[in-house]
Amino acid sequence: MKRKTKKALKKTFVITGAMIGVFILVSILSIRLAENDFNISRQLVNEKVWDYKPVVEKYAKQYGVTEHVDVLLAMMMQESGGRGKDPMQSSESYCGERGCINSPELSIKQGVYYFSQAIKDADGDVKLAIQSYNFGRGFIDYVNKNSGTYSLELAIDFSQKMYRTAENQAIYTCLREEAEKYNACYGDIYYVRDVMQYKQKLTAEK
């Protein structure tokens, strides 16, 4: 093979390699930007939730949890984004089954009441009360029998236990791939994390 041909081929390989490298870099950056956009969008609190603030404040005052209004609004954002007739998704704690509440105000009243009881049972541990809103207040007893303080590890353990011992596992759906990896498909093991992210956004937007 002639020297000029070798040089030409070498140059072609170098250019091709550089183009492939640039393509890969652009692809990675695009994926990261898309992920960041998704994370940012999840943290935005919509107007529907803000519109319910006076109602949340009303019942927070009635049940003695006025200092937790931001937490309650953040929980509403996580539950429904303020949409529907049961924005706090509190039907199950009200009547024992889903879909029995058809009034946003009743939903909020029941949700705030349930949280007020959870925060008392949790001795003021806000994260424990938040996760108990998702898991049920049995989670508080579970935590008290262990460390006595909320942790993600205990949330995973509790979810695994409840899912493993459920009579009908088919009624539970793993909300996240991470939860499925842990076989922790009861409730949402990352509920506290997401609610606290929304709370930070609410606090910043005051």
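The values are calculated or read from the model by the stated rules, or taken from the named source; none is laboratory data. Everything quoted here is computed from the prediction, not taken from an experiment. Every residue, glycine among them, receives a Cβ derived from its backbone with ideal geometry; neighbour counts consider all protein chains shown. Surface accessibility is based on the protein's heavy atoms, side chains included, excluding ligands, DNA and RNA. Shrake-Rupley method; radii C 1.70, N 1.55, O 1.52, S 1.80 Å.
Among the chymotrypsin sites (Phe, Trp or Tyr not before Pro) found in segment 109-162, not one is both in a DSSP coil and sparsely packed, with 11 or fewer other Cβ atoms within 10 Å of its Cβ. Pairs of Cα atoms in segment 39-150 fall into 5 Å distance bins, from 0 up to the last occupied one, in shares of 2, 13, 23, 22, 20, 13, 5, 1, 0 percent. Working from Cα pairs under 8 Å separated by at least six residues, relative contact order for segment 54-158 is 19 percent.
The largest accessible area among R83, R193 belongs to the first residue in R83, R193, and the rest follow in falling order (1.4 Å probe, all chains). In this structure, the pairs whose alpha-carbon distance is over 18 Å, taken from K120/K201; K120/K199; K61/K120; K85/K109, are K120/K201; K120/K199.
Each 10 Å bin, from zero up to the one with the longest distance, holds this percent of the alpha carbon pairs of segment 113-206: 17, 46, 30, 6, 0. The value of relative contact order for segment 132-206, using C-alpha pairs under 8 Å at least six residues apart, is 29 percent.
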